[in-house]
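Just so it is clear, none of the values below were taken in a lab; they were calculated from the coordinates. For clarity, every value in this text was computed on a predicted model and none was experimentally measured. Here the Cβ is made from the backbone with ideal geometry for all residues, glycine too, and neighbour counts use every protein chain on show.
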Amino acid sequence: MNATNLVPAPMIYLTLAISIIGLIGNLTIVFVTVWNKRLQSRCNVLIGLLALFDAIVCIYLIHLRVLMILDMYMITSTKCFLFSRNGLFALNMQSSLGLVIGLDRLYNVAFPTRYSQLSNSVYTSFILMCIIFSFVITFSGYSYSSRYGNRFRLSTTNCYTDNQELYGLDQTFNFTL
């Protein structure tokens, strides 16, 4: 199937450029967090981890755009998931880390005295819960997609779904912004 007209070329190249800019920006945040000791507080480490997973998502989006440029829309569900597994894991980590950062900020504002006495092991356990959550969600996506291993996908952006619509393309663009 020739899928050249499924996604307009300007959209592909625009989201590719935005993803590259996002990759550079997020890697800068990671670099500054690692090298600047003053930015290694608990909250800043969480933000640095979020930037790391944002960078992985940007790499994933760049990879998707390259596949679109190469006109690789029709791939099996299993192959689609294997192409996307790192990006999907990073997306799941983003959502769980966003929740942890929000709870961290809420606790800091609501209980500033208790917040300063909170041990680092609490944060370690939160990060481990994020990792476990992300693995479970990503693996469940693999289990779901492997049931439809011989079906073809129109796009690598909808590996979790059973329909063959281009639903994720505009969502990917919005997410990148």
- [ ] Express in nm, to one decimal, how much length is gained between Val109 and Arg42 on full extension, taking 0.36 nm for each residue of separation and deducting their alpha carbon distance.
- [x] 22.7 nm
Task: Geometric extent, Cα atoms of region 1-108 - Rg, Dmax (angstrom) - done: 16.8, 55
- [ ] Could you work out the relative contact order of region 3-153, using alpha carbon pairs under 8 angstrom and six or more residues apart, expressed as a whole percent?
- [x] 29 percent
Task: Residues Val34 and Ser125, FRET efficiency given R0 of 25 Å [Cβ-Cβ distance, rounded to 0.05] - done: 0.65
